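First the structure, in the form of structure tokens, and then the observations on it.
No value in this document is a laboratory result; all are computed from the given coordinates. Remember, predicted model here, so these are calculated numbers, not experimental data. Cβ atoms come from the backbone with ideal geometry, glycine included; neighbour counts cover every protein chain shown.
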Amino acid sequence: MESEALFNEEVEPPGRITGLVVGIDYNHRIDDIFPSRNTHPNPPVVLIKPLRRVSRFKDSTRAQAFRKHFYPEITTAEWQDWKWQFRNRITDVRTLSQMIWLSQEERLAMNGQEGHLPVAITPYYVSLLDEMDVSQPLRRMVVPVTDECCRTAEEEEDPLGEENDSPVAGIVHRYPDRVLFLVTDSCATYCRYCTRSRIVGRHQKSLSNIDHWESAIAYIKQNPQIRDVLLSGGDPLTLSDSKLEWLLSRLKEIPHLEILRIGTKVPVVMPQRITTQLIYTLKRFHPLWISIHVNHPDEITPEMSQACTRLANAGIPLGSQTVLLHKINDNMDTMKRLVHGLLKIRVKPYYLYQCDPIPGSSHFRTSVNTGLDLIGGLRGHTTGYAVPTYVIDAPGGGGKIPLLPEYVIGHEGNHLILRNYQGRIFHYPDSRCTP
Ligand code: SF4
């Protein structure tokens, strides 16, 4: 597609109706079916099952009840259309207050949101919110409160110093062999603790315009040490299939790129986006990895599980990036339910992040000891795959620093003194160690 047409498009154009390869018929060759083609070599026939353009999700009973109550005129097909979900995001206090009871703090925060992180919540995600309980974890992550206005001394607009590591607009080049490519400022739902609150939801369109993308791609081409690109933003899966395909195709052409990655919260807040057509597009760009942003076990709904299953069935390795948040997931029971729930839908708990000190985030932050205790409560006590790496993204651009409880106690002669998950002490004969 011509890039001009691509960037002028208002809505995603109709995709190609295509099919899934379901097998190979070795008894027949292409020339048997199309003798006039005289193909060389003459390959066996690939059996293709046509795809329906719309492949339905099974909505949870909760979502169905919510839709019938608040959107009685909306059909199941419309509710399951990600563009409908995106267009109908709840952004104002009046609409939200018709769906859930809002406290005075929430009302004030929503009314005074100019200049702060914007509010937008998909109808699907609103359907998961508790109508009355302002302390419900899911609600706290997306509905603002007046605490967001309290700024502490250590908080910064760009706590990770990303702007300092940005050689061209939209590229953050911190580690030698990989870059972060910010492709949009748009998200399906805005998280109240977002590290990139300085960027997201500003409607500047600067991140997602063609000139910006071209210069970012040129930078990647000019730097052969880059082997890995992480598309982020904002949320890359809020782009149309055509734009995503354009971006991924251009990156795929760069010979020194070994893998592509996408960071997204869309399967959690707008799982309807994971359409059959999107899966078909993504599958063409392997090795492609996706990091999903999941913070609480209640986000693992039937719809979200279906979205992850589609991605996993397409051969896309899935990891979860979780932000440690006060009174949301900073207790052992919630964290265990989260990591176990993720493994059950084939998502590896990848990182547990200490919450970055963005302006107005002090009510979300926990002590580092809380994070260490959680890791100590998981390691050895459950499946190793379930244990994420706990990291602090160092202020000012130091990169991710992993944190572990103390398992190495010290040395005694040629022995290393170790503590196991139960607190028992062991001496390991480390004959090559230099105390
Ligand atoms: S989806 Fe990601 S980028 Fe968007 S608001 Fe949430 S944390 Fe920030």
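Ser249 to Asp177: FRET efficiency via 1/(1 + (r/R0)^6), r the Cβ-Cβ distance, R0 25 Å, to the nearest 0.05?
Taking R0 as 25 Å, the efficiency between Ser249 and Asp177 is 0.70.
Taking springs between alpha-carbon atoms closer than 10 angstrom, which of Ile417, Ile210, Ile254 fluctuates most in the Gaussian network model of the chain?
Ile417
Under the rule of -39500 (n - 2.57) per DSSP H run of 4 or more residues, summed and divided by the residues of the chain, what mean residue ellipticity at 222 nm is obtained, to the nearest 500 deg cm²/dmol?
Per the formula, -8000 deg cm²/dmol.
Is any residue of the range 82-107 close enough, with backbone N under 11 Å, to a label point placed 7 angstrom from the Cα of Arg151 along the Cα-Cβ axis, and if so, which?
none
What longest range of the chain stays clear of loop-exposed GluC sites (Glu not before Pro) (DSSP non-H/G/I/E/B, at most 14 other C-beta within 10 angstrom)?
Within the chain, the longest run free of exposed GluC sites (Glu not before Pro) spans 259-405.
So what is the relative contact order for the chain, in percent, with contacts set as C-alpha pairs under 8 Å and at least six apart? Present the calculation step by step, with values, prior to reporting the outcome.
Details: 775 pairs, mean separation 58.1, N = 435.
Rounded, it is 13 percent for the chain.
At Glu78 and His203, where each label point lies 7 Å from the Cα along Cα→Cβ, what is the point-to-point distance in nanometres?
Once both label points are built, they end up 2.3 nm from each other.
At most 15 other Cβ atoms within 10 Å and a DSSP loop assignment: could you name the trypsin sites (Lys or Arg not before Pro) in the range 93-175 that fit?
Of the trypsin sites (Lys or Arg not before Pro), the ones in loops of the range 93-175 whose Cβ has at most 15 other Cβ atoms within 10 Å are Arg151.
Between Lys400 and Lys68, what is the spin-label point distance in nm, taking each point 7 Å from the Cα along the Cα→C-beta axis?
Modelled inter-label distance: 4.4 nm.
With point charges of +1 on the Cβ of Lys and Arg and -1 on the Cβ of Asp and Glu, referenced to the Cα centre of the chain, which listed residue (Met110, Pro224, Leu257) lies farthest in the positive direction of the dipole?
The residue sitting most towards the positive pole is Leu257.
Output the peptides 226-232, 192-198, 282-288 sorted from most to least packed, where packing is the average of other Cβ atoms within 10 Å over each peptide's residues.
Ranked from most to least packed, the peptides come out as 192-198, 226-232, 282-288.
What ranking of Thr264, Thr382 emerges when the number of other C-beta atoms within 10 Å of each C-beta is taken as an exposure proxy, fewest first? Let's see the in-between values first.
Working: Thr264 26, Thr382 16.
Result, fewest neighbours first: Thr382, Thr264.
Indicate the gyration tensor shape class of the range 155-212 (rounded, prolate or oblate), computed on the Cα atoms with a ≥ b ≥ c the square roots of the eigenvalues: a/c under 1.5 is rounded; otherwise a/b larger than b/c is prolate and the rest oblate. Can you show the working numbers first?
Values: a/c = 1.94, a/b = 1.15, b/c = 1.68.
Taking the square roots of the gyration eigenvalues as a ≥ b ≥ c, the range 155-212 is oblate.
Roughly what would the spin-label model give for Ile417 and Met332, points 7 Å off Cα along C-beta, in nm?
2.5 nm
Just to be sure I understand: with springs between alpha-carbon atoms less than 10 Å apart, which residue in Asn329, Asn420, Asn295 has the highest mean-square fluctuation in the Gaussian network model of the chain?
Maximum among the listed residues: Asn420.
Determine the percent antiparallel among the DSSP beta bridges restricted to the chain, to the nearest 5.
Bridges in the chain that DSSP calls antiparallel: roughly 45 percent.
Provide, for q = 0.14 Å⁻¹, the log10 of I(q)/I(0) from a solvent-free Debye sum over equal Cα point scatterers in the chain.
With one equal scatterer per Cα and no solvent, log10 I(q)/I(0) is -1.42.
Would you mind checking Lys221/Lys265; Lys83/Lys243; Lys327/Lys348; Lys221/Lys348 for any pair whose Cα atoms are more than 26 angstrom apart?
Details: Lys221/Lys265 28 Å; Lys83/Lys243 15 Å; Lys327/Lys348 23 Å; Lys221/Lys348 31 Å.
Those over the limit are Lys221/Lys265; Lys221/Lys348.
Give me the percent of DSSP beta bridges within the range 114-251 that run antiparallel, rounded to the nearest 5.
40 percent
Nearest 20 debye, what's the magnitude of the dipole of the chain about its Cα centre given +1 on Lys and Arg Cβ and -1 on Asp and Glu Cβ? Write down the numbers at each step before the final one.
On the way: 49 positive and 50 negative charges, 293 e Å.
Once rounded to the nearest 20, the dipole reads 1400 debye.
Could you derive backbone 3J(HN,Hα) for the range 399-408 from the dihedral phi with the Karplus parameters 6.51, -1.76 and 1.60 (θ = phi - 60°), listing whole Hz in sequence and x where the residue is Gly or Pro?
Those phi angles translate into x, 6, 10, x, 10, 10, x, 6, 9, 9 Hz.
Say the dipole of the chain comes from +1 at the beta carbon of Lys and Arg and -1 at that of Asp and Glu; which of Trp79, Ile401, Val179 then lies farthest toward its positive end?
Checked the options; the winner is Trp79.
Among Gln98, Gln277, Gln354, which one moves the most in a GNM of the chain with springs linking Cα atoms closer than 10 Å?
Gln98
Counting pairwise Cα distances across the range 162-402, what percent come out greater than 30 angstrom?
The proportion of pairs with Cα distances above 30 Å equals 24 percent.
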